[in-house]
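A.B. asks: Quick one: the structure is below, and I'll ask about it shortly.
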Amino acid sequence: FDNSFWAFQSRGIYQFVPTGDPEIPFRRVQRSSKLGLLRQQTLVEAEDEFGRPALYFLDPEKGPYRYGLGGFQWIGKDVQDIWRTMNLNATVVTAWGVAYPKYNIIIWALSTGASNDSNLMIVFDMTEGRATVIGANGDQADVRYGWAKWTGTFTSGQRTGVMFASTMGATMSYE
């Protein structure tokens, strides 16, 4: 992402930028010491509401975040009530995420309450999110709106998600 490698820890996010020097090929840049990644399956590369590249991820403490042109933005304010019910100690799957480009959405399956497997999904519509503006210089902060909550049989026990072509062996389609 952003013409570089990214590394996430549970508390720490790093960018490895190419230097062009064969002796020291990358320079490590710490992007955050406060944010982190719940698990690798919750990191999703997609776009923001303007079609610009963005990384979406679940921070273990605050939930949904994104990194893009506006820097780090907390997108989870509208689903923080759900995030508070997360079972971060789930023994099967705590969470996973996938982008569905045709519908401009990010889907995260979560294990909540006492569930040890996913039992609901939160869905973020990338085109509906709006950054709130703070400060006299126009700094952007949280992103609001664009959330849906999916429940029911479809969401229970899902351990991963991927996008496939609608016809096996065919090139990737969005159906």
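A.B. asks: So which strands (runs of 3 or more DSSP E) are wholly in the stretch 59-175 and hold at least 3 residues that are modelled with pLDDT of 90 or more?
C.D. replies: 63-68, 71-74, 95-100, 105-110, 120-125, 147-150
A.B. asks: Could you run through the stretch 1-24 and say how many residues are of a type in the set (Gly, Ala, Ser) and open to solvent by 60 Å² or more (accessible area, probe 1.4 Å)?
C.D. replies: The number of residues fulfilling the criteria is 2.
A.B. asks: Take the residues in the stretch 64-86 that are in contact with a Gly (Cβ under 6 Å, 6 or more places away or on another chain) and open to solvent by 10 Å² or more (accessible area, probe 1.4 Å), then tell me which one is farthest from Trp6 (Cα to Cα).
C.D. replies: Going through the qualifying residues, I end up with Thr85.
A.B. asks: Okay, moving on. Is it the case that the stretch 109-123 has a residue that's in contact (Cβ under 8 Å) with a residue 60 or more places away in the chain and either under 13 Å from the mean Cα position of the chain (by Cα) or open to solvent by 20 Å² or more (accessible area, probe 1.4 Å) (or both)?
C.D. replies: Taking every residue of the stretch 109-123 in turn, none turns out to be in contact (Cβ under 8 Å) with a residue 60 or more places away in the chain and either under 13 Å from the mean Cα position of the chain (by Cα) or open to solvent by 20 Å² or more (accessible area, probe 1.4 Å) (or both).
A.B. asks: Taking the options Arg27, Arg31, name whichever one is open to solvent by 20 Å² or more (accessible area, probe 1.4 Å), free of Cβ contacts under 8 Å to residues at least 12 places away in the same chain and in a strand (DSSP E or B).
C.D. replies: Result of the check over Arg27, Arg31: Arg27.
The values are calculated or read from the model by the stated rules, or taken from the named source; none is laboratory data. Owing to the predicted nature of the structure, the values given are computational and were not obtained by experimental measurement. Virtual Cβ from ideal backbone geometry, glycine too; neighbours counted across all protein chains shown. Quick note on the areas: whole protein, heavy atoms, side chains included, nothing else; ligands and nucleic acids left out. Shrake-Rupley method; radii C 1.70, N 1.55, O 1.52, S 1.80 Å.
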